[in-house]
Amino acid sequence: MRAAVRIVVACLLGAVMTVVVAWGCATWAHTGSDDFDYDVPGPGERYGLDSRVPGDWVTGTWLRHRGFGIEYDWVSEMVWMGSLPGMMGDRQNRTFHRVAVGWPLHAMEWVCDRDVRLDPRGAGQSVWLRGFKPIRAGRIGWTGDRRLPVKPLMLGFAIDAAVYGVAVWSLIWGWRLVRAKWRVRGGRCPACGYDLAGLDGCPECGAGSAMVGS
Ligand SMILES: [Zn+2]
């Protein structure tokens, strides 16, 4: 029973850590112009997000930013013209962007698209898909379109939560081990720290004398 409670607590702490790290990446991870790469997928070339791009789109630009714990894709029908995307008068200029954050794996994402056909019910405005901007975001030095995602990427989230859960568990377990050794060295009960001078077992918690000095 206690083990089950500990596992649940470790999972919860792992999930909390996953969100904290993902939001940290969303806030501070660098995706500046020195590590971006713009590209237009050739025929048949796939970037993994292709399923999000409707078949009738003519992709003009695909900006791919990659930084520590962050991945930012900006897909548009507008064509990159040197340093800016340029409107082509004769066709639509639909755009969407997507940010995935988290470490070691990307655990959460937000998506913004400006195409009503991609977003028939205005879902792009929902916090679930779009994430949110904290109040007074400007005060913590936020620039550009940084947002905190709400939607988890299931596999990445589960793996990150497991990694952090195990890490938190190991820290607690390691600390207990070290503490028990200190206590034994000081002639105290390894389980509760009660002074065992001249005693056989621990009168405080009932730990046997066999544990002492082992
Ligand atoms: Zn004790």
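Things worth noting here:
- The residue that is modelled with the highest pLDDT, counting only those in segment 84-120 that are farther than 30 Å from TYR164 by Cβ and among the acidic types (Asp, Glu), is ASP113.
- Subset of segment 190-207 that is near the ligand (Cβ under 6 Å from one of its atoms) and either outside the structural domain of GLY174 (by TED's automatic domain parsing) or hydrophobic (A, V, I, L, M, F, W, C) (or both) - its residue that is surrounded by the most Cβ atoms within 10 Å (Cβ to Cβ): CYS202
- Lone unmet requirement of (1) at pLDDT below 80; (2) touching a strand residue (DSSP E or B) at 6+ places or on another chain (Cβ under 9 Å) for ARG139: (2)
- Condition broken by ARG146, with the remaining ones in (1) at pLDDT 65 or above; (2) more than 16 Å from the chain's Cα centre (by Cα); (3) outside any helix (DSSP H, G or I) satisfied: (2)
The values are calculated or read from the model by the stated rules, or taken from the named source; none is laboratory data. Since this is a predicted model, take the numbers as computed values, not measurements. Neighbour counts run over all protein chains shown; Cβ positions are idealised from the backbone, glycine included.
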